[in-house]
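What follows is a set of notes on a single structure, which appears directly below.
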Amino acid sequence: MAAPYLQWLIDRHTVVGVVCRQDEPVGRGHRITPPLTKELARKNGIAVLQPEGAWTPDVIETVRGFGADVGVAMGGL
C-alpha cells in the first residue's frame, strides 16, 4: 500500500499533490470508497487528482501545475 509511504513523505517533505486511482466500489454493498492515499492527502490539505484513465495532456498539465520539484511513483502489490 502506498499510504504509509505517503505519510512518510508528508512527515519529512512538502507534498504538493497526490495523483491516485478513482474511488471504487468496495465490499458486499459496493459502497464507493476513496483510496487511502486520497484520504490521507485530504486530511493533510494536499491537492488530489484522480484521472479517469490515461495520462492525457490535460492531466499532465494539471500535474505540472502542482509546481513540484520531484515526482514519486508508488504502486500497490
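The values are calculated or read from the model by the stated rules, or taken from the named source; none is laboratory data. Not measured: the values here are computed from a predicted model. Cβ: placed from backbone, ideal geometry, glycine included. Neighbour counts: every protein chain shown. For accessibility, only protein heavy atoms count, side chains too; no ligands or nucleic acids. Shrake-Rupley method; radii C 1.70, N 1.55, O 1.52, S 1.80 Å.
Listed values, structure above:
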read-out	value
Residue selected from the range 1-57 under the condition of a type in the set (Ser, Thr, Tyr) and open to solvent by less than 100 Å² (accessible area, probe 1.4 Å), by the criterion nearest to Val70 (Cα to Cα)	Thr37
Matching residues, the range 22-77, being among the small types (Gly, Ala, Ser) and either without any contact (Cβ under 8 Å) to a residue 24 or more places away in the chain or in contact with a Phe, Trp or Tyr (Cβ under 9 Å, 6 or more places away or on another chain) (or both)	Gly27, Gly29, Gly45, Ala47, Gly53, Ala54, Gly65, Gly71, Ala73
